Amino acid sequence: MGQYFSADYAGVPFRLFGTAHIGALGALIVLNLFLVRFGHANETIRRWIRWSFAFALILNELAWHAWNIAVGTWSLQTMLPLHLCSVFVWVTAIMLLTRKYRLYEFAYFLGIGGAAQILITPDLGIYGFPHFRFFQTFLSHGLVVTAAIYMTVVERYRPTWSSLR
C-alpha cells in the first residue's frame, strides 16, 4: 500500500486554511458555480449529473470502509453509518437516484449544515494533501452540499416552512 493510502502517512499533515484546504474549497465552489450556470440542461443530462453524483458518493463511502479495513481500523463501533455525515452520504445518494422530496428536505437542512462545517473545519490530523483521507473527506462532504444546492437551483426543489418539521 503506497504512502497515499497508509495509516501512518509521512507526508505534509493537513493544515487548516492552508493552500490545499483553500484549493479544495475553491474547487467545490467552482463546481457549484459551474452547475448553477450550466446545469439547466435537458433531462437526460440532468439525470446523468444526478446519477454520477450518487455513484460517486456511494463509491467514495465504500472506499472509506475499504480503507479502514485495509489499515485495520474498521469496527462496528466506529464504522456503522451512525455518524451524521455517513448517514447523509447515503440519504443524498438515494435522493439523487429517486428524486424524493422528503430526502431533499433532510439533505437541504441537515446535510448542508453538517457537511459545510466539516468542509470548513475538517478533522484530518496527519492526512494532508494528497492522502486518500484528504480526498475522501472533501469528496463526500462536498458532494452532500453540492447535491442539495443542485437540487435547489437546477431541479427547482424548494424547502418550505413545513420542511422544518
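For this structure, a couple of remarks:
- Taken per residue, the accessible surface of the range 1-139 reaches 58 Å², heavy atoms only and a 1.4 Å probe.
- Between the residues Ile45, Phe109, Gly128, the greatest Cα displacement towards the positive end of the dipole of the range 23-165, with unit charges on the Cβ of Lys, Arg, Asp and Glu, is found for Ile45.
- Of the DSSP H helices in the chain, those whose Cα atoms cover at least 20 Å axially and whose Kyte score averages -0.5 or more: 19-38, 43-70, 84-98, 132-153
- Carbon/sulfur fraction of accessible area - the range 97-144, other protein chains in place, 1.4 Å, %: 68
- Mean shadow area of the range 1-153, taken as a quarter of the surface of its Cα convex hull (nm²): 9.1
- Longest DSSP-loop-exposure-free segment, chymotrypsin sites (Phe, Trp or Tyr not before Pro), the chain, at most 16 other Cβ within 10 Å: 75-165
- Across the alpha-carbon set of the range 112-165, the Rg to Rh ratio works out to 1.12, Rh being the Kirkwood radius.
- Global geometry of the range 21-79, whether rounded, prolate or oblate, following the gyration tensor of its Cα atoms and the 1.5 cut on a/c: oblate
- Centroid-to-centroid separation of the range 94-149 and the range 17-35 [C-alpha atoms, Å]: 13
- Mean residue ellipticity (222 nm) of the chain, computed from DSSP H runs ≥ 4 via -39,500 (n - 2.57), nearest 500: -20500 deg cm²/dmol
- Convex hull volume of the C-alpha atoms in the range 68-165, normalised per residue: 120 Å³.
- Considering only Arg46, Arg99, Arg37, the mean-square fluctuation computed in a Gaussian network model of the chain, springs between alpha carbons under 10 angstrom, is largest for Arg37.
- This model, with +1 at the C-beta of Lys and Arg and -1 at the C-beta of Asp and Glu, gives the range 62-165 a dipole about its Cα centre of some 340 debye.
The values are calculated or read from the model by the stated rules, or taken from the named source; none is laboratory data. Everything quoted here is computed from the prediction, not taken from an experiment. FYI the Cβ positions are ideal-geometry reconstructions off the backbone, even for glycines, and counts take in every protein chain you see. The protein model used for the area step is the full one, side chains on, heavy atoms only, and it has no ligands, DNA or RNA in it. Shrake-Rupley method; radii C 1.70, N 1.55, O 1.52, S 1.80 Å.
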